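One structure is given below, encoded as structure tokens.
The values are calculated or read from the model by the stated rules, or taken from the named source; none is laboratory data. If you're wondering where the values come from, they're calculated on a predicted model, not measured in any experiment. Backbone-built Cβ (ideal geometry, glycine too); neighbour counts: all protein chains shown. We work out accessible area using only protein heavy atoms, side chains counted, and drop any ligands, DNA or RNA first. Shrake-Rupley method; radii C 1.70, N 1.55, O 1.52, S 1.80 Å.
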Amino acid sequence: MSSFSAMKTLVTNINTLVFFIAICTLEVLSICPKDMRADICVHLNRKVFNEHPAFRLASDGCLRALAVEFQTIHCAPGDLIYHAGESVDALCFVVSGSLEVIQDDEVVAILGKGDVFGDIFWKETTLAHACANVRALTYCDLHIIKREALLKVLDFYTAFANSFSRNLTLTCNLRKR
């Protein structure tokens, strides 16, 4: 077997495994009681909660409400997370891997662990259109929360909403050129 063929088989097997793990996590969470599901989700999202100062003042109840709304996305090299012109309907936290932000066929940013990208939709009244493409350079794990879910939690936990709004800094705001 040639090196190319062996590498292609390995990449296919890795992609299949990552997809299988994501399905298993969702399956396990779907059969758990609500309280246990929240505990598991807080654990799965602990890197995001611990690394970002925006979550520092969140109560346990608030973290649990946020955690069940987060989704984990696994990306392979070359995957496009956002296309230019597409609506920006999620806030994305990079847990591992690296991505590039491409605007007018030019790389304008490289994102890595700890970076946050998307839109500050909790401060805006309109939905943004992505001004750039965001593409995975390596295998990446992203923790994302959809706009509606985040706004629902921020609406309920108003004290946290003020802290979150002040302390969350986007590494890359896809609304602005």
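Take the residues of region 123-147 that are touching a residue at least 12 places away in the same chain (Cβ under 8 Å) and open to solvent by 60 Å² or more (accessible area, probe 1.4 Å): which is farthest from GLU69 (Cα to Cα)?
Among those that are touching a residue at least 12 places away in the same chain (Cβ under 8 Å) and open to solvent by 60 Å² or more (accessible area, probe 1.4 Å), it is LEU137.
Could you give every pair whose Cβ atoms fall below 9 Å, whose first residue belongs to region 56-75 and is more than 26 Å from ARG135 (Cα to Cα) and in a loop (DSSP other than H, G, I, E, B), and whose second residue is open to solvent by 60 Å² or more (accessible area, probe 1.4 Å) and among the aliphatic types (A, V, I, L, M), counting only separations of at least 6 or pairs across chains?
Sorted first by the residue in region 56-75, then by its partner, the pairs are LEU57/ALA159; SER59/ALA159.
For LEU99, state whether it is over 21 Å from LEU150 (Cα atoms), modelled with pLDDT of 95 or more and under 17 Å from the mean Cα position of the chain (by Cα).
yes
Taking into account only those residues within region 76-111 that are free of Cβ contacts under 8 Å to residues at least 40 places away in the same chain and of a type in the set (A, V, I, L, M, F, W, C), which is farthest from PHE156 (Cα to Cα)?
Among those residues, the one meeting the criterion is VAL107.
Condition (residue is out of contact with any Lys or Arg (no Cβ under 6 Å at 6 or more places or on another chain), among the basic types (Lys, Arg), buried (at least 17 other Cβ atoms within 10 Å of the Cβ) and farther than 19 Å from THR169 by Cβ) applied to region 57-64: is it met by at least one residue?
Yes: region 57-64 contains one or more residues that are out of contact with any Lys or Arg (no Cβ under 6 Å at 6 or more places or on another chain), among the basic types (Lys, Arg), buried (at least 17 other Cβ atoms within 10 Å of the Cβ) and farther than 19 Å from THR169 by Cβ.
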